[in-house]
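A.B. asks: Below you will find the structure I want to go over with you.
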């Protein structure tokens, strides 16, 4: 019998699972000390680092492994000027100065990839392709893309970056400018870089666990 054939007991399996818990330093990076970025240091963010964050975030679960999120990283001055008219007035300056701004979008035809992403049940694509399912399919894409956006923010933080997600922009203008064929719909903007601590705000109050969680 090979060592690899030996199955752990239930207690051993649970202990192995518990050992996966991250340490305090990682918790500080991801949550305890991480802040919403309101301004950034004058330092570029490499394409390789952004691609790595995308790669890591894609490992998070989505319904039927649908993976509908799409990112457009706006970095050049020319691209920033295309984005600027759609950004809310209070968000314009920090967005123009951010090293990168991600347009987070959902692909409403995500199901076309099911042969690759959900090979055990590729026929599920037919459920989303039907014209009468268009609105439900759009909602499905949006919900799962937003889930993936959360993974991306954590992945970016884990790589040492800071993020400032924003909903204050004109989605119709962004879609017209960047996604005119209608396949992608914009959801959020995320400014990305290295936080300038001098432009941060005190952490706002949070609700207590007992106020937002119940156990039945």
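A.B. asks: Go through segment 179-203 residue by residue and tally those that are out of contact with any strand residue (DSSP E or B) (no Cβ under 7 Å at 6 or more places or on another chain) and modelled with pLDDT of 95 or more.
C.D. replies: Taking segment 179-203 as the starting set, the residues that turn out to be out of contact with any strand residue (DSSP E or B) (no Cβ under 7 Å at 6 or more places or on another chain) are 180-182, 197-203.
Filter again for modelled with pLDDT of 95 or more, leaving 180-182.
The qualifying residues number 3.
A.B. asks: So, in segment 119-142, of the ones that are in a helix (DSSP H, G or I) and in contact (Cβ under 8 Å) with a residue 40 or more places away in the chain, which residue ends up surrounded by the most Cβ atoms within 10 Å (Cβ to Cβ)?
C.D. replies: In this case the residue turns out to be 141.
A.B. asks: Now a separate question. Looking at 105, 115, 53, 64, which is the one that is within 15 Å of residue 190 (Cβ to Cβ), in contact with a helix residue (DSSP H, G or I) (Cβ under 8 Å, 6 or more places away or on another chain) and either part of a helix (DSSP H, G or I) or modelled with pLDDT under 95 (or both)?
C.D. replies: Just a single option satisfies the conditions, and that option is 53.
A.B. asks: Between 75, 148, which is buried (at least 17 other Cβ atoms within 10 Å of the Cβ), without any contact (Cβ under 8 Å) to a residue 40 or more places away in the chain and in contact with a strand residue (DSSP E or B) (Cβ under 9 Å, 6 or more places away or on another chain)?
C.D. replies: 75
The values are calculated or read from the model by the stated rules, or taken from the named source; none is laboratory data. Just so it is clear, the structure is predicted and the values come from calculations on it, not from any experiment. A quick note on method: Cβ atoms are made from the backbone with ideal geometry, for glycine too, and the neighbour counts reach across all protein chains shown.
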